[in-house]
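The structure appears below as structure tokens.
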Amino acid sequence: IFRETLSKRGVRVITGLGKYFRQIDKNRNGFLSQAAFKEALKVFHLEMSEGDFESLWLILDDSKSDKVDCGEFTRAVFGEMNEYRKAFVRKAYMKLDFNKTGSVPMVDVKKCYCAK
């Protein structure tokens, strides 16, 4: 039900929700509490019955940690990348990681990408 609601609302809502998750993730660990997750859904008018929310929470919090992993949530909604997209991302990353260190500092990203 939730995935159908999101697909009807469009990519803007989903990407906006992802940005909102990052904003309210105060300790930057990629996890949200049940209360924070529920509030985020309300902000984006993705409200549901308490029973539906509990079912969704049980699926998302499979580790029973009382937190939801924002990355897992995004993958659950979008699904895994297909091989074409994975290859494209690998190719872009290889260009950004020209020192072959395995990480890309923001300074290097700014050399290759202009967000204007």
Looking at the chain as a GNM with Cα springs under 10 Å, which of Val43, Val13, Val104 has the largest mean-square fluctuation? Val104
Divide the volume of the convex hull of the Cα atoms of the chain by its number of residues and quote the answer in cubic angstrom per residue. 153 Å³
Which whole-percent values make up P(r) of the stretch 48-116 when all C-alpha to C-alpha distances are grouped in 10 Å steps starting at zero? 16, 28, 27, 20, 8, 0
Of the listed pairs Lys26/Lys91; Lys38/Lys64; Lys19/Lys67; Lys95/Lys116, those with alpha carbons more than 28 Å apart are Lys26/Lys91
Mean-square fluctuation check for the chain, GNM, Cα pairs under 10 Å: which of Met48, Met81, Met94 is largest? Met94
Of Arg90, Arg28, Arg12, which is the most mobile in a GNM of the chain whose springs link Cα atoms less than 10 angstrom apart? Arg90
Contact order normalised by residue count of the chain, Cα under 8 Å, 6+ apart, percent: 21 percent
In whole Hz, the Karplus estimates of ³J(HN,Hα) for the stretch 50-62 (6.51, -1.76, 1.60; θ = phi - 60°; x where Gly or Pro) are 4, x, 5, 5, 4, 5, 4, 4, 4, 6, 6, 9, 5
So for R0 = 25 Å, FRET eff. of Ala76-Ser33 from the Cβ-Cβ r, to 0.05, ends up at 0.90
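We did not get these values from a lab; they are worked out from the coordinates using the rules stated. Everything quoted here is computed from the prediction, not taken from an experiment. Note that each Cβ is placed from the backbone with ideal geometry, even for glycine, and that neighbours are counted across all protein chains shown.
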